[in-house]
1. Count, please, the residues in the range 184-199 that happen to be farther than 22 Å from residue 102 by Cα, touching a Ser or Thr at 6+ places or on another chain (Cβ under 9 Å) and outside any helix (DSSP H, G or I).
2. Determine which single condition residue 83 fails, assuming it passes every other condition in (1) buried (at least 23 other Cβ atoms within 10 Å of the Cβ); (2) in contact (Cβ under 8 Å) with a residue 60 or more places away in the chain.
3. Say whether the condition of being more than 17 Å from residue 156 (Cα to Cα), out of contact with any Phe, Trp or Tyr (no Cβ under 6 Å at 6 or more places or on another chain), free of Cβ contacts under 8 Å to residues at least 40 places away in the same chain and not charged (D, E, K, R) is met by at least one residue in the range 189-196.
4. Report every pair of residues separated by at least 6 positions or lying on different chains whose Cβ atoms are under 6 Å apart, first residue within the range 154-174 and more than 20 Å from residue 259 (Cβ to Cβ), second aromatic (Phe, Trp, Tyr).
5. Applying the selection to the range 58-79, what residues are basic (Lys, Arg) and not in a helix (DSSP H, G or I)?
6. Would you be able to tell me the number of residues in the range 230-283 that are farther than 21 Å from residue 220 by Cα, of a type outside the set (Val, Ile, Thr), out of contact with any helix residue (DSSP H, G or I) (no Cβ under 9 Å at 6 or more places or on another chain) and surrounded by 18 or more Cβ atoms within 10 Å (Cβ to Cβ)?
7. Residue 152 fails exactly one of the following numbered conditions: (1) under 30 Å from residue 27 (Cα atoms); (2) within 18 Å of the chain's Cα centre (by Cα). What is the number of that condition?
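The values are calculated or read from the model by the stated rules, or taken from the named source; none is laboratory data. Note that this is a predicted model, so its numbers are computed, not measured. For neighbour counting, all protein chains shown are included, and Cβ atoms are generated from backbone atoms with ideal geometry for every residue, glycine included.
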Amino acid sequence: MKTDPTGAFEAEENPYLTPNPNHIYANETKWNLARDMLERYTGTAPEGFQKQIVLTNFAHYLERFKTLYGDSQSRGSAMSAVHSQRKGVSIINFSIGSPTAALIIELLATAEPKAVLFLGMCGGLHRSLEVGDFILPTAAIRDEGASQHHMPPQVPALPTFKVQKFVSQIIVEQGRDYRTGVVHTTDYRFWEFDEKFKAQLYEERALAIDMETATLFSVGFASKVAIGALLLVSDLPLKKGGIKTKASADQVFSAFTDLHLDIGIQAMSEIAERGEHIRHYRW
């Protein structure tokens, strides 16, 4: 069996514990296949990625990054990537949803990034939130299917604390505000019309809702990928007229993309030098 590239234990060290062969770092065949798949899906081989990586769901973010910082761009069979050697950052548009979120984290494990940051959008659930607010999730509710294949259901979906801490530092240094709290991640589209589901969200005291965060946190933990998230409130689906439309989405992109991207890129480009060392536990 392949030794964990991040330095995890050999199975012989503890006869009562063995690595989960489903986890990418514990299965040599899966690791090699994932390296090939990363290049096929993104157009970039693992060694072509910078050590700090930004994930997004939107082509607009990719285009802005390319215009502002990009050195090279690649397009694979399912995803696109842009790389900036000057910033030490690569960005990937992996599309939308829990299954692709789980997939890209496993594939990126083979590039052995130092830090990954998800710049996503979410629906604001708390009455105090407004479109354009930033949320730095402290945890996410796993109401989706993909993470169940990677971690037991009782394991919470948590970001890598030191990534979130540094993103917080960058936001404060820029003189901006942000919220913290729990995000509900679901694979249930059009939940806005389900009154029982909306009542459940209130009981949970979830601050926002999205479709990827819990998956990214859980599979990142399982795959030894240090990952955080900075979410932008793009709509207020519990308020009258608050559900996102094409017109309102275009307004959000126009008003907030550059700021969202600027915070994320600064955090990832500086985390290697200014951030605390991120250490993976040996399992």
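1. 0
2. Only one criterion is unmet by residue 83, namely (2).
3. For the range 189-196, residues more than 17 Å from residue 156 (Cα to Cα), out of contact with any Phe, Trp or Tyr (no Cβ under 6 Å at 6 or more places or on another chain), free of Cβ contacts under 8 Å to residues at least 40 places away in the same chain and not charged (D, E, K, R): present.
4. Within 6 Å, the pairs are 157/217; 158/217; 159/217.
5. 75
6. Of the residues in the range 230-283, 2 are farther than 21 Å from residue 220 by Cα, of a type outside the set (Val, Ile, Thr), out of contact with any helix residue (DSSP H, G or I) (no Cβ under 9 Å at 6 or more places or on another chain) and surrounded by 18 or more Cβ atoms within 10 Å (Cβ to Cβ).
7. Here residue 152 meets the rest and fails (2).
Condition check ((1) modelled with pLDDT of 95 or more; (2) under 13 Å from residue 109 (Cα atoms)) across all residues:
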residue: 22; (1), (2): no, no
residue: 38; (1), (2): yes, yes
residue: 41; (1), (2): yes, no
residue: 74; (1), (2): yes, no
residue: 78; (1), (2): yes, no
residue: 81; (1), (2): yes, no
